[in-house]
1. Ranked highest first by the average count of other Cβ atoms within 10 Å around their residues, in what order do 262-274, 218-230 fall?
2. At R0 = 45 Å, how high is the FRET efficiency between residue 101 and residue 325 if r is their beta carbon distance? Nearest 0.05 is fine.
3. Kirkwood Rh over Cα pairs of segment 293-334 into Stokes-Einstein at 4 °C, 1.567 mPa s: D in µm²/s?
4. Using only the Cα atoms of segment 1-78, what do you get for the radius of gyration and for Dmax, in Å?
5. How large is log10 I(q)/I(0) at q = 0.12 Å⁻¹ when the Debye formula is applied to the Cα atoms of segment 178-354, each weighted equally and without solvent?
6. Please sort 311-321, 110-120 by packing, taking for each peptide the average over its residues of neighbouring beta carbons within 10 angstrom, highest first.
7. Starting from the exponent 0.38 and prefactor 2.2 Å, build the expected Rg for segment 222-293 from its residue count and divide its actual Cα Rg by it.
8. Take 294, 276, 39 and order them by how many other Cβ atoms sit within 10 Å, fewest up front.
């Protein structure tokens, strides 16, 4: 069952104390290891800046974390369920296998019942869980410069077209469309809030979004329309600077980024994005506040639309916008990420003020 998580410092203390009162209600993803754990995990405790706390196992898996083999959070969530336990064991034994409902039935389980049980226990079906693990392997292979066929094999897809379709749904561009001679490069950057997709040329950052954001394919296509010339896998000096600054940001050591950004929007949208960057770290504004600050108090809705079209997360800090009543409003990367970003910046503000 989902519930509102307390602040990250409280959850981190619970992790240090191996507090079992959060069993089944909160989990921690550790960016330095790529795994997620129960808060009662007996393993050595990670640093606070490497921890992200989640209210559901599906959120951990969506963010790209693997289950800890020591505290085994998937097994804990499953309990002694006679349906879940053998299927998880089978998935661990052969993570690259392309599972189908027929395979589930062959193991003696009713596929419809398996769907219901996994959805209830983990927030996703067994086939979705298996597909996610396979795709992650494929993405890693492509990033390392291997051909599409190698990525397809690593991801466990029998069909190249099926792999291209799955990749296209996630990224918005089939792997065969990536070009070695493209001026703009795509890479993954791991952060404490999950992996992010960055697109940059040699001189500017053009896109930065969380890997699991549903709008990512649309944003990639929109960028392609504005910047023809194709995309390729690789890392530019801009990405190196971005990666270093993101690490400093999440460590609470940096509040303003120097990575050069390309603003792909109308003159008004760019004005809004620059106004967002002018909000001091650790502070928030409402849409109305932002519109008034721009000298356009009646343009609240237009400001909100411009905020939603931002394609450079964190660096253009749309997470600093909250509701007029002080509550957190929608955020493309998820409200839990918005809450954590504000916490990171508040910690930075307190450290500087001390």
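1. Numbers: 262-274: 16.4, 218-230: 14.5.
Top of the packing list down: 262-274, 218-230.
2. Details: r = 46 Å, r/R0 = 1.02.
Efficiency computed from Cβ-Cβ geometry: 0.45.
3. Working: Rh = 11.3 Å.
It diffuses with D of about 115 µm²/s by this estimate.
4. So, for segment 1-78, Rg and Dmax equal 10.8, 29 Å respectively.
5. Debye intensities relative to I(0), on a log10 scale: -0.55.
6. Details: 311-321: 22.9, 110-120: 15.4.
The packing order, highest mean first, is 311-321, 110-120.
7. Numbers: Rg = 15.3 Å, N = 72, 2.2 N^0.38 = 11.2 Å.
For segment 222-293, the normalised Cα radius of gyration comes out at 1.37.
8. Going from least to most buried by this count: 294, 276, 39.
None of the figures in this text is laboratory data; all of them are computed from the coordinates on show. The structure presented is a predicted model; accordingly, all values stated were derived computationally and were not measured. Note: ideal-geometry Cβ built from the backbone for every residue, glycine included; neighbour counts use all protein chains shown.
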